[in-house]
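Notes for the one structure printed next.
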């Protein structure tokens, strides 16, 4: 039987992180998994948040197709350490079987239910208060597509959106035809960041990949393109993806760059940190080859 959500705490001044967003943030973090219905959660969720009580912006992160929310722990823990409550829902079982899974549109509807709950209650679940302003949203692979579909459903527009090697197109369960999230250029959308992986291959095919999103989403938008790395290289170290998608030589650094990009963007958009924004416009201190573009 489900239990009701806790009462939201009264917000104070929003926490502002400091320092290089590509390095671990100043806060220790903890995680909590909730079953569907537990504390009002409409889907199973993993919430990652600072251990220190405070007032923090909320970010919702959508997993990729057939992916497990827990495989993003390292990049989402990095983001939380910079002062965010990060909610990662599991919208359907990550059992590797495409039969009977949600379409992207169905995922977006379920994600909207999670977002309504997350904005109101996720911070309180972790003993903190939520920034009352709209949340930030992000997603990987088809979760990026779901994230753009989600933004069109939110009552209050998200303050920022990040696609981590997002994939659009008409694929999905049994390759059934589905509407694209971005069939053409958008007139309105939140400021965005697209983190692309050059070795997308069949997992993120040309025409549906990061470039598709960057070209069609509403300015201001930025693209960070990581050369010589693959579509799933930002997943946790103990997650095997060999044979599924092309892999690059340095997954650890790919995770650091991806987590840092999330932290820099959401510190800019949700913490009003212009210094963090400047990291997205400067050459990154990384052994990876990363190119930038902006519109």
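Taking the stretch 262-277 as the search range and keeping residues that are surrounded by fewer than 24 Cβ atoms within 10 Å (Cβ to Cβ) and out of contact with any strand residue (DSSP E or B) (no Cβ under 9 Å at 6 or more places or on another chain), which one is nearest to residue 162 (Cα to Cα)?
277
Among the residues of the stretch 257-284, which ones are assigned to a loop (DSSP other than H, G, I, E, B) and farther than 12 Å from residue 17 by Cβ?
Taking the stretch 257-284 first, the residues assigned to a loop (DSSP other than H, G, I, E, B) are 272-273, 281-284.
Residues satisfying the conditions are 281, 282, 283, 284.
For the stretch 238-261, name all the residues that are in contact with a helix residue (DSSP H, G or I) (Cβ under 6 Å, 6 or more places away or on another chain) and within 18 Å of residue 198 (Cα to Cα).
Start the filter on the stretch 238-261 by keeping residues that are in contact with a helix residue (DSSP H, G or I) (Cβ under 6 Å, 6 or more places away or on another chain), which leaves 239, 245-246, 255, 258-259.
Passing the criteria: 245, 246, 255, 258, 259.
So, residue 222, is that one in contact with a strand residue (DSSP E or B) (Cβ under 9 Å, 6 or more places away or on another chain), modelled with pLDDT of 90 or more and crowded, with 17+ Cβ neighbours inside 10 Å or not? Walk me through it before giving the result.
Values: in contact with a strand residue (DSSP E or B) (Cβ under 9 Å, 6 or more places away or on another chain): yes; modelled with pLDDT of 90 or more: yes; crowded, with 17+ Cβ neighbours inside 10 Å: yes.
Spelling it out, residue 222 is indeed in contact with a strand residue (DSSP E or B) (Cβ under 9 Å, 6 or more places away or on another chain), modelled with pLDDT of 90 or more and crowded, with 17+ Cβ neighbours inside 10 Å.
Filtering the stretch 135-171 down to residues that are assigned to a loop (DSSP other than H, G, I, E, B) and modelled with pLDDT of 95 or more, which residue is surrounded by the fewest Cβ atoms within 10 Å (Cβ to Cβ)? Walk me through it before giving the result.
Restricting attention to the stretch 135-171, the residues satisfying the condition of being assigned to a loop (DSSP other than H, G, I, E, B) are 135, 141, 152-159, 165-171.
Restricting the remaining residues to those that are modelled with pLDDT of 95 or more gives 135, 159, 165-166.
On the way: 135: 24, 159: 20, 165: 32, 166: 34.
Of everything passing the filter in the stretch 135-171, 159 is surrounded by the fewest Cβ atoms within 10 Å (Cβ to Cβ).
Take the stretch 31-65 and flag every residue that is in contact with a helix residue (DSSP H, G or I) (Cβ under 9 Å, 6 or more places away or on another chain) and surrounded by fewer than 18 Cβ atoms within 10 Å (Cβ to Cβ).
Selection gives 31, 32, 33, 40.
Of the numbered conditions (1) in contact with a strand residue (DSSP E or B) (Cβ under 8 Å, 6 or more places away or on another chain); (2) closer than 21 Å to residue 82 by Cα, residue 259 fails exactly one; give the number of that condition.
Checking residue 259 against (1) in contact with a strand residue (DSSP E or B) (Cβ under 8 Å, 6 or more places away or on another chain); (2) closer than 21 Å to residue 82 by Cα, the one that fails is (1).
The values are calculated or read from the model by the stated rules, or taken from the named source; none is laboratory data. Since the model is a prediction, treat every value here as computed from it, not as a measurement. Backbone-built Cβ (ideal geometry, glycine too); neighbour counts: all protein chains shown.
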